[in-house]
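The values are calculated or read from the model by the stated rules, or taken from the named source; none is laboratory data. Every value quoted in this text rests on a predicted model; they were computed, and no experiment measured them. Here the Cβ positions follow ideal geometry from the backbone for every residue, glycine too, while neighbour counts run over all protein chains shown. Just the protein is used for accessible areas: all its heavy atoms, side chains included, with ligands, DNA and RNA removed. Shrake-Rupley method; radii C 1.70, N 1.55, O 1.52, S 1.80 Å.
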Amino acid sequence: MANRLVLKMSGEALASAASDETIDAATVDRIAREIAETRESLDLELAIVVGGGNIWRGATGAMAGMDRSTSDAMGMLGTVINALALQDALEQHNQPTRVLSALRMAEVAEPYIRRRAMRHLEKGRVIVFAAGMGNPYFTTDTAAALRAAEIEASLLLKGTHGGVDGVYSADPKVDPSAVKFDEVSFRKVVTEDLRVMDLTAITFCSDNSLPIRVFDVMAPRNLHRALAGEPVGTLVS
Ligand code: UDP
């Protein structure tokens, strides 16, 4: 059976400091090319969960007094925009791709149906999970963990984009003595509050024995290396 992986990318990974655009075409193209080439050469089954933070985060609206569920719905819709951009870029690199949305929007994306998702993967299609889990009060990190468990992925790859290339003992941008871990346990991540993914996602992965590899998705070839199973970044297990 082909190796089945879930890649979580934040919405901000699709933006770029070099342009004012919410979605930077050159950045999306670079990521899509790397994914398409790697998937084909390694015969991977790959599902991607894309966030929406480049467009909207539910907490931002809630802090300004908006109804939380409405604000989160806006965030989920943002992830659909990103998913469609990624689908388009992947298909330009000849990688058949299906967007599966947790919110129904039949004109632009298929509804998420677990068995259909598995079938797409078996046929060599990349799937992009959009709209998180379809529920407010959650993040796409937790959606990625849930979907990875549902489709029986062997590993969750969490791509970072802020220049931090793994899990550190402290925030390396604040504390110069911070050291990077090659491997770290779920327990240590939780008890020492190490920044990996949100706590709901971490405890879900821990409960379900789903390992996470945290790596820098922006460094050239790093995505390829992570998908190929090389020990980039940090493995949480
Ligand atoms: N969101 C949600 N339920 C989900 C997933 C996401 O309500 O299952 C909303 C939430 O408001 C979140 C926004 O969508 O802030 C964008 O997702 P996220 O913050 O995870 O994006 P990222 O930071 O990864 O780009």
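Could you report the chain's accessible area per residue, 1.4 Å probe, as an integer in Å²?
I get 47 Å² per residue for the chain.
Going by a ≥ b ≥ c, the root eigenvalues of the Cα gyration tensor, does region 166-237 fall in the rounded group (a/c under 1.5), the prolate group (a/b larger than b/c) or the oblate group?
oblate
Place a +1 charge on the Cβ of each Lys and Arg in region 5-93 and a -1 charge on the Cβ of each Asp and Glu, then give the dipole magnitude about the Cα centre in debye, rounded to the nearest 20.
Working: 6 positive and 14 negative charges, 73 e Å.
For this selection, approximately 340 debye.
Return the equivalent ellipsoid semi-axes of the chain as a descending list in whole Å, where each equals the square root of 5 times an eigenvalue of the C-alpha gyration tensor.
Listed largest to smallest, the semi-axes of the chain are 24, 22, 18 Å.
Please report, as a whole percent, how much of the solvent-accessible surface of the chain comes from carbon and sulfur atoms (probe radius 1.4 Å). All intermediate terms of the calculation are to be shown ahead of the outcome.
Details: 5540 of 11100 Å².
Carbon and sulfur together cover 50 percent of it.
Using label points projected 7 Å from each Cα along Cα→Cβ, tell me how many nm separate Asp67 and Glu230, to one decimal.
5.0 nm
Which whole-number value in Å³ per residue fits the convex hull of the alpha carbons of region 121-182?
Considering the Cα atoms of region 121-182, their hull volume per residue is 137 Å³.
Please list, in chain and number order, the residues 5+ apart from Ala130 or on another chain whose amide H is under 5 Å from its amide H, with Hs placed from the backbone.
Correct list: Leu100, Ser101, Ala102.
Whole-Hz Karplus ³J(HN,Hα) for region 66-76, in order, using 6.51 cos²θ - 1.76 cosθ + 1.60 and θ = phi - 60°, x for Gly and Pro?
Once rounded to whole Hz, the list reads 6, 4, 4, 5, 5, 5, 5, 4, 4, x, 5.
Modelled label-to-label distance, Ala170 and Ala219, 7 Å Cα→beta-carbon offset: nm?
Each label point is offset 7 Å from its Cα along the Cβ direction, giving 2.2 nm.
What is the extension gain from Lys188 to Ser154, computed as 0.36 nm multiplied by their sequence separation minus the C-alpha to C-alpha distance, in nm to one decimal?
10.1 nm
Scan around Val167 for amide H atoms under 5 Å from its own, H built in the peptide plane at 1.01 Å from N, and keep only partners 5 or more places away or cross-chain.
Amide H neighbours of Val167, under 5 Å, 5+ apart: Phe181, Thr234.
Taking square-rooted eigenvalues a ≥ b ≥ c of the alpha carbon gyration tensor, is region 1-118 rounded, prolate or oblate, where a/c under 1.5 means rounded and, failing that, a/b exceeding b/c means prolate?
Oblate, since a/c reaches 1.5 and b/c is not below a/b.
What three numbers, in Å, describe the spread of the alpha carbons of region 54-155 along their principal axes, ordered from the longest?
45, 28, 24
Residues of region 195-236 with backbone nitrogen within less than 13 Å of a virtual label 7 Å along the Cα-to-Cβ line of Asn3, please, listed as ranges.
213, 223-232
Going highest first, how would you order 136-145, 194-203 by mean Cβ packing within 10 Å?
136-145, 194-203
Fully extended, how many nm does the chain gain between Asn135 and Glu91 (0.36 nm per residue separation, minus their Cα-Cα distance)?
13.0 nm
Quickly work out the Asp207-to-Leu42 label distance, labels modelled 7 Å from Cα along the C-beta direction, and quote it in nm with one decimal.
Between Leu42 and Asp207, the label points sit 2.9 nm apart.
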